[in-house]
Amino acid sequence: MSPEMLLSRRGAALALLGAATTTVAVLRLRSPAAPDPQPRAQAGPGTAAFDETYLGRRITGVLLPAAAPGEEDVWQVTVDGRPLHLMRRADGTYLSMVDHYDAYPGPLAAARGAVVELGGQTLRAHEGRPVPLRDRKA
């Protein structure tokens with residue numbers, strides 16, 4: 001292979017790389033950034049964090065302040081007005097009682113996963129608080 005051919009191939013490859021980089025940069029600058037689909041805890045406890053319709057179901061979520069010092073704030077999430085219990089995992093992800101095999105990055109994503117899992121079913125109304133293990137009778 002001659003040096004002239006090598007330089008022309010290298011030059012063509014560099015020109016192509018430069019054009020691709022420029023195209024990507026222009027497209028990123030022209031398109032608006034998509035809003036973050038996850039609710040932000042910075043909104044403050046008691047502030048409605050999300051309220052949307054997903055697959056025909058209304059999902060709402062509110063961040064409630066901690067009940068006692070040292071405890072964490074808690075998300076109150078409903079699907080069609082019925083409470084959906086969420087749990088925060090040690091790694092910061094969430095799971096729901098409807099879809100407890102998958103971990104989701106936030107409460108809204110967990111609620112969406114529950115809606116998908118529910119299909120046409122509705123959440124059952126929760127009656128009362130769960131009884132702690134120490135208070136259960138054998």
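The values are calculated or read from the model by the stated rules, or taken from the named source; none is laboratory data. The structure displayed is predicted, hence computed values, not measured ones. Cβ placement follows ideal geometry from the backbone for every residue including glycine, while neighbour counts extend to all protein chains displayed. The accessibility values were calculated without ligands, DNA or RNA, using every heavy atom of the protein model including side chains. Shrake-Rupley method; radii C 1.70, N 1.55, O 1.52, S 1.80 Å.
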Which ones in region 61-96 are open to solvent by less than 90 Å² (accessible area, probe 1.4 Å), in a loop (DSSP other than H, G, I, E, B), of a type outside the set (Gly, Ala, Ser) and modelled with pLDDT under 90? PRO65, ASP73
Residue check: is GLY113 at pLDDT 85 or above and either surrounded by 13 or more Cβ atoms within 10 Å (Cβ to Cβ) or hydroxyl-bearing (Ser, Thr, Tyr) (or both)? yes
If the Cβ limit is 9 Å and pairs must be 6+ apart or interchain, which residue in region 90-112 that is touching a residue at least 40 places away in the same chain (Cβ under 8 Å) pairs with which residue that is among the hydrophobic types (A, V, I, L, M, F, W, C) and in a loop (DSSP other than H, G, I, E, B)? ARG112/LEU55
